[in-house]
Structure formats: structure tokens, C-alpha cells
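Quick notes on the structure that follows.
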Amino acid sequence: MAESKPARKAEKAANKADKKAAKQAKKARKKGTDPEADGESRFTPKKARNAVGVAKVVGPAVLPVLAPFAVRAAGAAREAYDRYQARRLGIGVDQLAEYTGRGGGLLARIAGLSDGLSDLSKSERATDDDRKFAERGRGSLEQLAATTRASERMPSARRKSAHRAVGAELDLLESQLLHRLGV
């Protein structure tokens, strides 16, 4: 019911003390001097100096042990990436160095199409028309390869435009080759 006057004063004083303590704790957290803050979660200059000191002592002992593992892991990662790139281009890993740059994929397609044209002209079922197509196709592929190599030094927009045009020509030649091969 009704509280006595001294009880209300005591409660008011307690609330005031709580607010003041909260305000001081907030200020202390901002400054980084909060005595109640969790010491493990804060990274202070003193802790940084201690970590550097430990690294100086432990580092030389651990580095020779970890270095071979790091080198082996880096080599395995590079090998996996090379296999991925070669599989994406449709070539062997040993041929990957031949098809570098932004037009590498197009050059790999051109090489594959050139091999297909050679197979068509050497085929026992090939007609004179097929051999003429293969010869014209090889000439076109040489021009497309030269265009692709030249586009490497072009500005980005022109290079992309040239690559799209070369890709469209390759699509057309591939579909004609597949038709002549009966696929």
C-alpha cells in the first residue's frame, strides 16, 4: 500500500546510484578501462606486445616444422586449380600454358575445331565437298586465331566485342562440322 517516506527516499537513492554506476561503466568501456569488462575479449596494446614477444620466441622454432606443409598445400592447391582450368577449357593440363590470357578459351576452341576439321578431311567417308569445307574452315580459323590474339591488346569494350564475334563464328563452324560428321 502506502510506503513510508524513508523507504521511498532509500529506493530513490538506490535508483540514482544504479544510474550513476551504469553511466560510469559506459564511460569506462568507451575508454577501455572498464574493470568489469571481460579481459579475454579485448585486444589491448599490452596483449599485442605480449603476442609479438611470444611469436618472436616460438616462431623460429615452429616455422621450420610448418614450412614444408605450407609449401605442399600451396602446390596441391595450384595443381587442383590448373586441372580445373584445363577441364573448363577442354584441354590437357600440359597444354594450359598455350591458352593463357583473356582469349585463351577461344584459342582452345579454335585448336579443337582445327583438330575436328583435320579429322573430317582424313576421314574415309569424306567427300570432295567435305575436304573443301575443311580447307575453307582452316583458313577461317587462322583468321579467327589472329583476331583473338590481336584483341588481347585492345581496350576492354572492343576486346569483348571481338571475342563475341569470334565466338559466334566458332559456333557456326562447329555446328557445320558436327553436321558434316553426322552428329
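In the chain, once you exclude exposed trypsin sites (Lys or Arg not before Pro) (DSSP loop, at most 13 other Cβ within 10 angstrom), what's the longest stretch remaining? In short, 43-124. For the chain, the residue among 166, 182, 101 whose Cα projects farthest onto the positive side of the dipole built from Cβ charges is 101. Counting only DSSP H runs of at least 4 residues, each contributing -39500 (n - 2.57), and dividing by the residue count of the chain, the helix-based mean residue ellipticity at 222 nm comes to -27500 deg cm²/dmol. Karplus-based coupling profile of segment 163-170, in residue order and whole Hz: 5, 5, 5, 5, x, 5, 5, 5, with θ = phi - 60° in 6.51 cos²θ - 1.76 cosθ + 1.60 and x standing for Gly or Pro.
Rolling a 1.4 Å probe over the protein heavy atoms gives segment 62-183 an accessible area of 67 Å² per residue.
Phi angles of segment 143-160 translate, via the Karplus equation with coefficients 6.51, -1.76, 1.60 and θ = phi - 60°, into HN-Hα couplings of 5, 5, 5, 5, 5, 5, 5, 5, 5, 4, 9, 8, x, 3, 5, 5, 4, 5 Hz per residue; Gly and Pro are given as x. Here's the list of lysines a cross-link from residue 122 could span, going by alpha-carbon distance under 17 Å and ignoring same-chain residues fewer than 8 apart: 132. Straight-line cross-link partners of residue 47 among the lysines, defined as a Cα under 29 Å from its Cα and at least 8 positions apart when in the same chain: 23, 26, 27, 30, 31, 56. Of the GluC sites (Glu not before Pro) found in segment 110-166, the ones in coil according to DSSP and having at most 15 other Cβ atoms within 10 Å of their Cβ are 124, 152.
The values are calculated or read from the model by the stated rules, or taken from the named source; none is laboratory data. Worth saying up front: this structure is predicted, and the values here are computed from it rather than measured. So basically every Cβ, Gly included, is an ideal-geometry build from the backbone, and we count neighbours across all protein chains shown. Calculation scope for accessible area: heavy atoms of the full protein, side chains included, ligands and nucleic acids excluded. Shrake-Rupley method; radii C 1.70, N 1.55, O 1.52, S 1.80 Å.
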